[in-house]
Structure formats: C-alpha cells, structure tokens
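Below is one structure, written out as structure tokens, with a few remarks after it.
The values are calculated or read from the model by the stated rules, or taken from the named source; none is laboratory data. Because the structure is a prediction, the values reported are computed rather than measured. A quick note on method: Cβ atoms are made from the backbone with ideal geometry, for glycine too, and the neighbour counts reach across all protein chains shown.
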C-alpha cells in the first residue's frame, strides 16, 4: 500500500538538498509525495535556524503542520532547529512525533519504519535521486559541515566538522542528472573549496569540477560558497579551462576592514582577498563575482565601516548581499563586548545598500546590447519569461526578463539585452 508524505522544506539550498535525500529515502519505502497536508500519512518539516527570524518561521510551520494534518498522521521535524533546540522544543511541542537529528538522515527509512512497521525494506538505487527543484536545474551537495571557526557563525556547532562525499558518488549523481536533461548543476556545501581535505588528505575541488563537468557536458556547472583563503590557483585554472563551468564566483568575504576580519575569526585580510580577486579576474575576464558582508559586528567602528564601503567601491562586485549582525547562541561573538547599537547597525546597513544599489545598476550597464545565452526559469506573462544568464544564480541574484514568443520553461535561449530594471536585465528574444 502506497502511503503519502507531505514536505515543508525551509531555509537554504543546502537544506533543500537534505530534503531531497530524505524524500529519496521515503520514496524507497513506497511513500509518494503530496502537497496536501490533510492527505498525508506523514508530514516532514525540514527547519532552518540560521537567524532569529528563520527560527520563528520554522516554529510557525511546525505548529501549522500539526494543526493541518489529518487525524493519525505522523509529524516529523528535521533540520537545524531540531539539531540545536530539540530538548527545549520537545518539552513544549508534544504534537511532534519524531525529532529527526542529522545522524538519523542515513537511517531515515528505519526511523520511518519505527512509526510504520509494515513498510517494505529499504531498496534504494542511485538513480532514484529525488529532485525538488524544477527539472532544468539542480543542487548537488558535495560535503557537510564546516571546519572554519568564524566567530559569528553557529553552523559548525550543530552541523559538525567538514565531511566530504566520495568523488565517484558525486560524479555518478551528476551523470544521472545529465541523463534527465538537467541544464544546470549547482555544487554546494558550507565550504566548497575545502572539498576532499578530510577524505583524501588534499583539497580536490578542481578535480571534482572537471569530472562533474565531463559527466554533464551539456549542463552549466556552478560553484557556490567558496572561501577566499582556499580559492587556489588550481581551482581558478579548472574553472577557466572547462567550458561548461560558468564563470561565476560566489565568495563570502564578510568585511573589508582587517581589524573586523580578525575579530570575526576570518583567515584572510584585505590584501590577500584583493590578490585572490585579481587572479580570478585575470584568468576569467568575464567572471561575475557575488559576495556577502556583515555590518555591525561587535567592535565595528565608523572607520571599519568606511573601509568596508571603500573596499566595495574598489572591487565593483556584480552581486552583493548584506546582513545585519545578530547574536547567535553558542558563538564566540555572542560573548563579545562592545556590541554596536542596533540603530547604528540599521543605519550602516541602509548606507551600504544605498551605495550598493548605485554600484549594481552601474555594473548592469555592461550587459546592454550584448547577446547572451539564458536558461528559461518561468513564464511571467504571455510572451514574458524570467530567465538567467551565466552570471545570475537562482534565488540569490537578479534575473533577465525576456520578451519573446515560443519559449518554454527549461529551454536554452539566445537573447539580446536591451535595458535594466532594478536588479534585473531586460532582453528580447
């Protein structure tokens, strides 16, 4: 008898990749997905606990799932919120039938069987990989955890040390995606360019990139979340020399002041970052650079913020995210003195984003008049499509709005950029 499971997946792409693994495990024991809570025998909420707002959103979804499920349905809660706050939450939320911790992921069929004793034995094949994204793009998680000790970040506290997945398994998964016709494969982890150090005693991301690209020769291969201190010359060469690896670098830099970078526990300074960016640009002149920063870290002075602003003006990044600092439970930064006044943090964030909006609009002008290959993500209206070129990653960057006829979601298209609208490009087919 086929049972049904409903999934609520919250948070980042790495969490979505975990959800895909959990759904794969459910499918292997004859559960089918449904988007109706009131028809599901099992409701799985995969939570996020990255910042305070994400924690509350996760709690709200758990309570809504408990209320909306059909009588007798089991409610399971996984993800970062479970890993960090399971003991406290379990006491307050008896409606949850199972708190699924990270160590349960590899044995999830057994966890499910403890609530559904008559389900069949686990019979998973490698080509059963579930995909929760649209068919034309996918996330491929290459590692779990993080060995960095950034003072603001709680991820290593509950995700654990860096653990790479075997290279041959990842290449096989890329080949499966290619067979399905996937047009974009996004390599993700907490620290992408550390890949292989734990498993092989050496960092092997350049080799992985080349092999994944060969296994999926017709797909874009995109790299997410590379650290500046580990972005090696070998990795730059692998990206530059492999045609279907998009010339796009997602590198969280976090600040432009050496004093603040040191306080954050980062392992690079401004000069080293500047050198690494120069090497990337020299090897890939058409590279698109995305980064993120934090304003208001404890002890950040006006002079430090001014250095950040000047660094951003100097580097002319293509896409930038900016977070306001907030204390995270258990981190070193939580215990630091000299916290910045919240009103000052908000003022700095506003000043940063005001400057960045102008810089971003200026950067977008370079695309005007150019012919670009894009992938069609969605149809907005009759003859209007949301697309992306190689310099636009799904969910985190702007898009290319294309006016054309005869396109379908998931298609490649060649378009000419005609203008700029906010953070997006406008093009015609």
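Scanning segment 218-245 for residues that are part of a strand (DSSP E or B) and closer than 19 Å to residue 195 by Cα returns 221, 222, 223, 245. Do you know which residues across segment 174-217 are part of a loop (DSSP other than H, G, I, E, B) and over 20 Å from the mean Cα position of the chain (by Cα)? Matches in segment 174-217: 180, 181, 201, 202, 203, 204, 216, 217. Residues in segment 64-106 that are part of a helix (DSSP H, G or I), free of Cβ contacts under 8 Å to residues at least 60 places away in the same chain and either surrounded by 13 or more Cβ atoms within 10 Å (Cβ to Cβ) or not assigned by TED's automatic domain parsing to the domain that holds residue 121 (or both): 64, 65, 66, 68, 81, 82, 85, 86, 89, 90, 102, 104.
Contact map, segment 24-42: residues that are loosely packed, with under 15 Cβ neighbours inside 10 Å paired with residues that are outside any loop (DSSP other than H, G, I, E, B) and at pLDDT below 95, Cβ distance under 8 Å, separation 6+ or inter-chain. Pairs shown: 30/3; 32/3; 38/68.
Annotation: of all residues in segment 40-63 being touching a strand residue (DSSP E or B) at 6+ places or on another chain (Cβ under 6 Å) and assigned to a helix (DSSP H, G or I), the one that is farthest from residue 324 (Cα to Cα) is 62.
Looking at this structure, is residue 155 closer than 19 Å to residue 32 by Cβ and either free of Cβ contacts under 8 Å to residues at least 40 places away in the same chain or surrounded by fewer than 20 Cβ atoms within 10 Å (Cβ to Cβ) (or both)? Here the answer is no, as residue 155 does not meet what is asked.
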